[in-house]
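> Below you'll find the structure I mean.
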Amino acid sequence: MGATLTVQENLRLLGKYRYVEIQMMELMGSWAHTMIHPEIKISFGRHMYQDAVHADLIGKRIPELKGRSKQYQYISPSDEVVRIVEEIWKADDELRRMIGLYRILKPAMIEALNRHLKHVELPADEPTAYILRHISDEELDHVVWGETMIEKLSTTPSDRERGTTWYEEL
């Protein structure tokens, strides 16, 4: 990435972020009814809503950057990201799901957003920077909450070992 992003680079990255936000929202939606802990179900509702708002904010920003083509609205970041999302999607217990979402996907999203923010052309692209900071802040709140829940779910040495193995596999 150069000093500042071109409009096309910005559009491609925004489309990738929107893809990941939608994937995270869909993961939680598909899992919510199977999660045992009420605290997880309740927080999933809030996180899904916030991820939907994030996807919407990005989706509205894309046409403002001359990204009128639908190709920018939903871009798979890479085959590797798709593979990881699929692996997380297939996770069969709460601990593995929480680790995949809150230790892998959401932290990677925050890292990508913060890297992007370093290359936004300011003040010209302040609206994009505002959206990215907002999303990064909320995703960080999600990760902090997720870490608390992962600790609650990791009650035995076996749980912790299983969680560590899963994290390393991803």
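> Build a GNM of the chain with springs between Cα atoms under 10 Å: which of Ile40, Ile58, Ile99 gets the top mean-square fluctuation?
Highest fluctuation of the listed residues: Ile40.
> Let me know the volume per residue of the alpha-carbon convex hull for region 8-132, in Å³.
100
> Another question, then. Using a 1.4 angstrom probe on heavy atoms only, work out the carbon and sulfur share of the accessible area of region 14-170 in %.
About 55 percent, which is the carbon plus sulfur part of the accessible surface.
> Mean shadow of region 106-149, computed from the convex hull of its alpha carbons, in nm²?
Taking the Cα atoms of region 106-149, their convex hull projects to 2.7 nm² on average.
> For region 1-57, just list the percent of Cα-Cα distances falling in each 5 Å bin from zero outward, please.
Bin by bin from 0 Å, the calculated values are 4, 19, 22, 16, 13, 10, 7, 5, 4, 1.
> Right, something else. Sequence neighbours fewer than 8 away in the same chain don't count; with that in mind, list the lysines whose C-alpha is under 24 Å from Lys118.
Lys16, Lys60, Lys66, Lys106
> Moving on. Quick one: plug the Kirkwood hydrodynamic radius of region 40-104 (C-alpha pairs) into Stokes-Einstein at 25 °C, 0.890 mPa s, and report D in µm²/s.
For the chosen part, D equals 177 µm²/s.
> Using a 7 Å offset from the Cα along the Cα-to-Cβ direction at both Tyr49 and Thr4, what is the distance between the two label points in nm, to one decimal?
It is 3.7 nm.
> Also: Quick check: net charge around Asn10, other residues with Cβ under 12 Å of its Cβ, Lys/Arg +1 and Asp/Glu -1?
0
> Based on alpha-carbon atoms only, what is the radius of gyration of region 88-170 relative to the globular estimate 2.2 N^0.38 Å?
Relative to the 2.2 N^0.38 Å estimate, region 88-170 comes out at 1.33.
> Which residue, Glu151, Glu139, Glu94, tops the fluctuation ranking in a GNM of the chain built on C-alpha contacts under 10 Å?
Of Glu151, Glu139, Glu94, the most mobile in the Gaussian network model is Glu151.
> Heavy-atom accessible area per residue, the chain, 1.4 Å probe: how many Å²?
Accessible surface, normalised per residue, equals 52 Å².
> Going by accessible area, probe 1.4 Å, with all protein chains left in place, what is the ranking of His134, His47, largest first?
So the residues, ranked largest to smallest area, are His134, His47.
> Got the relative contact order for the chain handy, in percent, Cα pairs under 8 Å and 6 or more residues apart?
Value for the chain: 27 percent.
> Still on this structure, I have one more. Could you state the principal axis extents of the C-alpha atoms in region 72-125, from the largest down, to the nearest angstrom?
Each principal axis gives a Cα extent; for region 72-125 these are 46, 21, 15 Å.
> Here is a further query. Per the helix-only calculation at 222 nm, which mean residue ellipticity applies to the chain, given -39500 (n - 2.57) for every DSSP H run of n ≥ 4 and division by its residues, nearest 500 deg cm²/dmol?
Roughly -24000 deg cm²/dmol at 222 nm, from the helical runs in the chain.
The values are calculated or read from the model by the stated rules, or taken from the named source; none is laboratory data. Remember, it's a predicted structure, so these values are computed and weren't measured experimentally. Cβ: placed from backbone, ideal geometry, glycine included. Neighbour counts: every protein chain shown. The area values use the complete protein model at the heavy-atom level, side chains included, leaving out ligands, DNA and RNA. Shrake-Rupley method; radii C 1.70, N 1.55, O 1.52, S 1.80 Å.
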